[in-house]
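First up is the structure itself, then whatever we jot down about it.
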Amino acid sequence: MKKTLLLILFFLSIGAFAQQQTVSYSISPTTFEESTAITITINGNSINESTWGVTGNALYLWAWAFDIDDTNQKGTPLNGSWTSSDEASKFSYNPGSDIYTKTITPTAYYNITGIGKIGFLIKAKDGTGDKKSQDILAEVGSFQVNLTSPAVNSSTIIASGGSFNIAANNTNGNASYNLKANGVSINTNASTSSYNYNHTNITANQNYELVVTQGATTVSKKFSVILNPGTISAVMPSGLLDGINYNAADATKATLVLDAPLKDFVYVAGSFNGWEPNSNYAMKKDPSSGKFWLELTGLTSGTNYTYQYWVVDATPIAGSPSLVKTADPYSTLILSSDDDPYIPASSYPNLPVYPVGQQRDVTVLQTGQTPYPWSTATTNFVKPEKEKLVVYELLVRDFDAARTYQSVINRMDYFKNLKINAIELLPVMEFEGNESWGYNTSFHMALDKFYGTSSKFKELVDVCHQNGIAVILDVALNHAFGRNPMVRMWMNDPDGDGWGSPSAENPYFNTEAMHSYNVGSDFNHQQARTQNYVKRVIKQWIEEYKIDGFRWDLTKGFTQNCPASVAGGQDNCTNQLQADRVAVLKTYADYSWSLDATHYTIFEHLGSDAEEQQWANYRIDDAVSKGIMMWGKMTEQYNQLTMGYNSENNISRMSSTAHGFTKNRLMGYAESHDEERLMYKNVQFGANLNGYNVKTPATALSRMSALGAVTLLVPGPKMIYHFGELGWDLSIFTCNNGSVNTSDDAITGDCKLDTKPQPQWSSNWLGDNNRNKIYTDWAKMITMKIKEPVFSGTATISSSSLTPTIKITNSSLASSQLKDVLVLANFDLATKDVPTGFPNTGTWYNLMDNTSINVTDVNAAISIPAGEFRIYGNKVANLAIANFEKEIGIYLYPNPATNYFTLNMAASKVQIYSVTGQLMKSFNGSQAASYQFNVSDLSNGVYVVKAYNDNEELQVMKFVKR
């Protein structure tokens, strides 16, 4: 799988690993105030537009700004996204002189005042890769202060008792200088343009601020000194793990453990020491393991504390920083000054406040936490059988406009009525930015805050379990992104901006990717530390959040055998069987099963059968049968069928046996988050013959029920991508502005990761008869699959045309049971006589409605109209249709209902009766199909609804209030 990740980050991290092209530029006037209009001029001769894929001279400004102290990034410039710059940031081009110009007024363009410095670069509309210039910085204002020693925002390491020199100068005449150390003034000069001071006999860490005032303007420059405490050797108490160790007997204490090989010393800075750590907060070093550790005392139970590690290498290798300030790699809650301001309070109430004056991510520590009160539905949850799984894949961000865990909880009836028995969430671990698919993970043990709190996520898991639905998490453990502490502690950062790629010393990551599908920094899974980290991640989500399974993203990346220079090519190597990743992934699966014997392990490998068989057949004969489930992508084949094309549509590999799996371990699917939506392609590219036009939306939708029949019913776990059951027909490349861009668009780029609209709710798709039919038909099929033992059997798929036939049998069942099923479908553009092949003559039943046919010739074809299907069984499927009433007239949903229900068409009058016949509520007057009938005041129980249309025709329905 190849993903292009949407990174909504601090600007420097976007291009941290890209090569930069140096461009020639000028700014006029050279000295300017924040309210002055300035013109940025770029020499076109210094840019090779073709290497950036630029056409039409489309270059864009990517901008940022700092406050007057040059410390904090601020403002909201008109950048757009890194993959699609806003047109307001486009340069004007003069072909005669081959120059690009852009005129801006900083206060207006950056939408902020109090600007001390502006920064910008030049890029293609899609800046992914190397399509960007160097970073360009310019001071704002006629009064400028230049800190000549040390560098602004730097940290200098000295020995205790040493001295430290501070030097600065300024423009525009004399100014007043005030040097503060740890908030106390230690030296002043009331009138100079060249300042120098030597601070001697320094015996404690110092946070300096040089405050320079000229007239009404004040500029502040910050920097620090860190004392080298030497090695403080002390044996670490037994039983401690990396990260936070809470003291079960004493909520005033917690012990921090950091594994930082090659580092000389570490301080813990946090809210408990005013972010000014003294020698008491220098971590001890265990002489045996080499790990750093420190016990914190005097903590208050239930209080949120924040902290960072100040990790120091006194003699770093070239290009690496001496000091890195970083959050805990094993954090379970992270605060970010870049992301948190944009998280709505309604999504995350009482979000802990990011500490003022700090930079980078910080970790939250809280002793005395109250455990979540899991219901017995979770503590006693029995997972659905692997063979019976129907997984609903969803991205919280795009499932509901509210974009919260609560919004998913609110739609639980939707899942229940669809009858699925598992949901799979795209990554919810702490990712960079807020608007993301989540694969740009930075902290794998922390829950991302954008969707809600930890307790709300646990409530979602608990509610799912209460409704018989397992919860599976997508985890991206092939890689991590730039904010990850294990990247930053050992990184190449020659420009000193605090971001970089793994250095040669990094004990977790490769300096170059060892496979052809990499994004971010590539984990080395042969390293013991990496394996320990992965196991801790597994343990966290199984034990803390009661997660039922993992879908492991991009498992092809778990090899060390395929560097770019490998003979035969990196991609060829990556796609061949690699013994090292087979072994390490088995190790991870074993660890999951050691914590939970029934844990689901699913690999997105999409590789060779020879390799996948080793996982699918692994420990299959255990007392609790294991076997890793493999993702089975069949998008192209099924889309050819739904579009009506008689080529490349062989679906025989939807069966586990076609892959050589001993048991049904193929999680086959026609749609996932990675592929274009089937319905979109149906409508855009569908076939047309004699008036039967697949491009017609109603016709395209009518073919999707048949898709369910030839996917969901094939034995083995299956997956639906969200709203495929409603015929989602918006492109996966739909942009935020509603346009559609694909990766083939050289100028506009790929909008695959953009936030998608919510027409399924706002336009009441369930009330659309064409879409509702797919939902209802698939719900019946899913119920059959889950309830009927025949669907744990084997399948024979005849698939060489537009009329596939699937024979399903379970030889372990008696002939008196439903043991044979025949699925027929016609994806052609006209009525066809579809070949059958019934196992025997006699009475067969259409399992969708249990009507019967008499088969006298087992090979006699059956006439099926275009786009339709038939599901025949040797016996009635009583279990399969017990919860379905004949669909005529008006339909009510959701059912069960909590606060309201709606009807699929307008009603002139609606009455609600108790089962004993008492009128409980009446809604008089015409109500539209989208009207919500409020039932929140009714007691839980079963009710009868009488609904009348404008012709006084009556429909009687039942619903459950809970």
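All of the numbers you see were taken from the coordinates with simple rules; none came from a lab. All figures in this text were calculated on a predicted structure; none of them were measured in a lab. So basically every Cβ, Gly included, is an ideal-geometry build from the backbone, and we count neighbours across all protein chains shown.
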In nm, to one decimal, how far is the modelled label at V944 from the one at S812, with both set 7 Å along Cα→Cβ?
4.4
Given R₀ = 22 Å, what would the calculated FRET efficiency be for S763 paired with S936, taking r from the Cβ atoms and rounding to 0.05?
0.35
Dipole of the chain [Lys/Arg +1, Asp/Glu -1 at C-beta], most positive-end residue of Y600, N440, T332
Y600
Consider the candidate values (1) 62, 32, 25; (2) 56, 32, 29; (3) 58, 34, 24; state which one is semi-axes √(5λ) of the Cα gyration tensor in Å computed from the structure displayed.
(2)
Rounded, prolate or oblate for region 758-814? Axes are the square roots of the Cα gyration tensor eigenvalues, ordered a ≥ b ≥ c, and the cut-off for rounded is a/c under 1.5.
oblate
Could you please rank S238, S160, S801, S762, placing first whichever residue has the fewest other Cβ atoms within 10 Å of its Cβ?
S238, S762, S160, S801
Counting only other residues whose beta carbon sits under 12 Å from that of A583, what net charge do I get with K and R as +1, D and E as -1?
-1
Place the peptides 371-378, 463-470, 225-232 in order of packing, highest mean first, counting for every residue the other Cβ atoms within 10 Å and averaging per peptide.
463-470, 225-232, 371-378
Order of 443-451, 712-720 by packing, highest average Cβ count within 10 Å first?
712-720, 443-451
Might you list the cysteines of the chain that have no disulfide-compatible partner by the rule of another cysteine's Cβ under 4.7 Å?
C464
For the pair A216 and Q466, how long in nm is the line joining their label points, each one 7 Å along Cα→Cβ?
6.1
Over what distance in Å are the Cα centres of region 662-687 and region 547-619 separated?
23
For the chain, list the DSSP H helices whose alpha carbon atoms reach 20 Å or more along the long axis and whose average Kyte-Doolittle value is -0.5 or above?
579-595
Please give the contour-minus-distance gain from A610 to V876: 0.36 nm per residue of separation, less the Cα-Cα distance, rounded to one decimal in nm.
91.8 nm
Using the basic label-point model (7 angstrom from Cα toward the beta carbon), what is the T297 to A190 distance in nanometres?
4.8
Taking GluC sites (Glu not before Pro) as exposed when in a DSSP loop with at most 10 other Cβ atoms inside 10 Å, the chain has its longest clean stretch at 1-647
Size of the dipole of the chain about the Cα centre, Lys and Arg at +1 and Asp and Glu at -1 on the beta carbon, nothing else charged, in debye to 20?
1800
Ordering 903-914, 342-353 by per-residue average of other C-beta atoms within 10 angstrom, highest first, gives 903-914, 342-353
Rounded to the nearest 0.05, what FRET efficiency do Q359 and V960 have when you use their Cβ-Cβ distance and R0 = 51 Å?
0.45
222 nm [θ] for the chain, helices only, -39500 (n - 2.57) per DSSP H run of 4+, per residue, to 500?
-4000 deg cm²/dmol
For S336, the net charge from surrounding residues (Cβ-Cβ under 15 Å; K, R +1; D, E -1) works out to -4
Got a sec? Charge dipole of region 892-961, +1 on Cβ for Lys and Arg, -1 for Asp and Glu; which of A907, N924, V956 is way out at the positive end?
V956
What FRET efficiency comes out for the pair A623/T851, r = Cβ-Cβ distance, R0 = 45 Å, nearest 0.05?
0.55
Residue order, fewest to most beta carbons within 10 Å, for C751, C573
C573, C751
Which Cα, out of T755, A138, N410, lies furthest along the positive dipole direction of the chain (beta carbon charges, K/R +1, D/E -1)?
N410
